[in-house]
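The values are calculated or read from the model by the stated rules, or taken from the named source; none is laboratory data. Predicted model, so just to flag it, every value in this text is computed and none were measured. Glycine also receives a Cβ, built like all others from the backbone with ideal geometry; neighbour counts cover every protein chain displayed. The accessibility values were calculated without ligands, DNA or RNA, using every heavy atom of the protein model including side chains. Shrake-Rupley method; radii C 1.70, N 1.55, O 1.52, S 1.80 Å.
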Amino acid sequence: MPNTTSAPLPRQVADAYVTAFTELDPIIGTFLGVKDSSRRLPDFSPAGQRAVADLARATLEALAEAEARPGGDSDGERRCARLLRERLTAELAVHDTGEHLRTVSNMHSPLHMVREVFTLMPLDGTDDWSAVAERLRAVPAALEGYRASLAEGLSRGLLGGPLQVTTVLGQLKDWIGTGAGWFGDFVADGPEELRAELAESALVATGGLVALRDWLRDVYAPAVEGAPDVVGRERYARWSRYWNGTDLDLDEAYAYGWSEFHRILGEMRVEAEKILPGASTPWEALAHLDAHGTHIEGVEEVRVWLQELMDEAIEALDGTHFELAERVKRVESRIAPPGGAAAPYYSQPSEDFSRPGRTWLPTMGETRFPVYDLVSTWYHEGVPGHHLQLAQWVHVADRLSRYQATVGLVSANCEGWALYAERLMDELGFLTDPERRLGYLDAQMMRATRVIVDIGMHLELEIPGHSPFHPGERWTPELAREFFGMHSGRPADFVDSELVRYQGMPAQAIGYKLGERAWLTGREAARAAHGAAFDAKAWHMAALSLGSLGLDDLVTELSAL
């Protein structure tokens, strides 16, 4: 008989996958805080992408064996195994249909990963800056691998969207600049003894950007001209599984988006009347706030203000609605590097918390910031949103697995929690000020309209008769842009960036509202099961300690807490 005493359990298989995946993808290594990763970049070529897929297939085989072991079906092992199988299967479905050969996006592509990783690197001494210099010199090869994948996509008729290409060319123009460029500016504050090496390495990295820009402009853009910017039902369903961890009924989700649109619009009208009596639409009241509402003046001033907002939220929530470990309480407010997408974002702490969780505000060249547009957004990005969930996962990783706490992240779970966190702060009375509450509702409306236009334009659905906008017509990207702009308090450049994002990341944007629905459904099921004994604080902490789950499993697990 074979000796099974040393055979791994599912969580061990999952963690072995993280170790092997980190070797293939040093950017993920930096994200996790693995120091040995800091001098390298991934191989984004077709061969490099195949190596990642081969690892996924081998891991699924090992997982099947691990589940058959005694103990492989315990709750903790079962939960990890289901996540690992679902994630790797969804990733392989995307890979095997060649989606990685046409990844052009204004915020989610190998190009963007290569730039963003430098903002996550430690910069505490000469060793750290030496790693920066070495990684900068690796940029051209990494981008050449990315170019090779796009070129193979062209040869196979797998084309990126023309709008994505135009947008990325604009971003590359900003990053290359006319002086030192983004990489040159990044290394300008390096140690004096490495200044010359860093400057030379930055020039090498910028040369990689120039080469990619020239190829995209001269070869790729003409080749994809006239290709659709929408993906159709089959591709959309595949991406929906990838981003949401479930096979959604897309027509039901589209109808749900409309129901939320009408509900939120009614609430917005009530709040708008408090701000600008007689306003014809809530967005007229928001435009009034843009000119006359509470503002923060200055980029550094808004960074400090956002830090204080998160610190105040932690102080108010800890011990009353959450029980937070000391290291989870540390979160930093940062200004995002210029030239990226318009949406704020969050980066998870490293596994040892030496790099804390960080929120990032793109300023888009602005120096004056309306408060109504910031408060609920920072409840979403920071506390009690992304930071509390993702930092808590890292905090309890030893009770889960590295995979469940990091690499196995399901977008709709996280975005759903963060949107739920905004609603929770409203429920707890933190958004009673009409300006802040209307801003919160505007953010909720944005997530509802995302469901409508993302599904609607990619599937070219009919606009229903109850719509106040073009009823009976079929969605197009142009109608989606117009509808989104009419029902958002965000500026035009933000709206434009959002629509480019939806076309380049199909089905990602719907996970906010559909994930929030899953969190609310799970909470109400747990409340009904416990009755008067339901303890919201205990439920929140147990829920935040589950680690990653797809929407297939999230409601079931939350309901059982």
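List of remarks:
- Which of Thr294, Ser149, Ala62, positive extreme of dipole for the chain (C-beta unit charges): Ala62
- Loop GluC sites (Glu not before Pro), the range 33-98 (other Cβ atoms within 10 Å of the site Cβ: 14 or fewer; DSSP): none
- Carbon + sulfur, % of accessible area of the range 285-429 - ligands and nucleic acids excluded, 1.4 Å: 48 percent
- Estimated vicinal HN-Hα couplings, Hz - the range 310-326 in sequence order (Karplus 6.51, -1.76, 1.60; Gly, Pro = x): 5, 4, 5, 5, 4, 4, 6, 8, 5, x, 10, 10, 9, 10, 9, 5, 4
- Cα gyration tensor category, rounded, prolate or oblate, for the range 32-132 with a/c compared to 1.5: oblate
- Each of Leu111, Met121, Ala81 was scored by the projection of its Cα onto the charge dipole of the range 77-148, and the greatest displacement toward the positive side belongs to Ala81; charges sit on the C-beta of Lys, Arg, Asp and Glu.
- Euclidean distance between Cα centres, the range 199-238 to the range 360-430, Å: 30 Å
- Applying the criteria of a DSSP loop state and at most 13 other Cβ atoms within 10 Å to the trypsin sites (Lys or Arg not before Pro) of the range 113-193 yields Arg156.
- Relative contact order (%) - criterion: Cα under 8 Å, at least six apart; region: the range 418-561: 23 percent
- Each of Ala480, Thr521, Ala542 was scored by the projection of its Cα onto the charge dipole of the range 424-558, and the greatest displacement toward the positive side belongs to Ala542; charges sit on the C-beta of Lys, Arg, Asp and Glu.
- Distance between the range 98-163 and the range 442-518 - C-alpha centres, whole angstrom: 28 Å
- Between Ser354 and Leu169, the FRET efficiency estimated from the beta carbon spacing at R0 = 45 angstrom works out to 0.75.
- Net length gained if the chain between Glu473 and Val219 were fully extended (0.36 nm per residue, minus Cα distance): 87.9 nm
- Residue-span extension gain [Asp75 to Glu297] - 0.36 nm each, minus C-alpha spacing: 74.8 nm
- R0 of 56 Å, Cβ-Cβ distance Val304-Leu92: FRET efficiency to nearest 0.05: 0.80
- Mean Cα-pair separation over length for the chain, i.e. relative contact order, pairs under 8 Å, 6 or more apart, %: 17 percent
- Within the chain, helix-based [θ] at 222 nm, where runs of 4 or more DSSP H residues each add -39,500 (n - 2.57), nearest 500: -20000 deg cm²/dmol
- Estimated FRET transfer efficiency when R0 is 35 angstrom, pair Arg330-Ser155 (beta carbons, to 0.05): 0.10
- For Thr281, the solvent-accessible surface computed with a 1.4 Å probe is close to 60 Å², ligands and nucleic acids excluded.
- Given charges at beta-carbon only (K, R positive; D, E negative), |dipole| of the chain in Debye: 840 debye
- Where the range 18-88 is the region considered: accessible area per residue in Å², 1.4 Å probe: 45 Å²
- Protein accessible area in the range 479-561, 1.4 Å probe - carbon and sulfur %: 58 percent
- Rounded to the nearest 20 debye, the dipole magnitude of the range 258-366 is 280 debye, with +1 charges on Lys and Arg beta carbons, -1 on Asp and Glu beta carbons, and the Cα centre as origin.
- Extension gain for Ala560-Arg527 works out to 10.9 nm (0.36 nm per residue, less the C-alpha to C-alpha distance).
- Only Lys, Arg, Asp and Glu carry charge here, each on its Cβ (+1 for the first two, -1 for the last two); on that basis the range 1-107 has a dipole of about 220 debye about its Cα centre.
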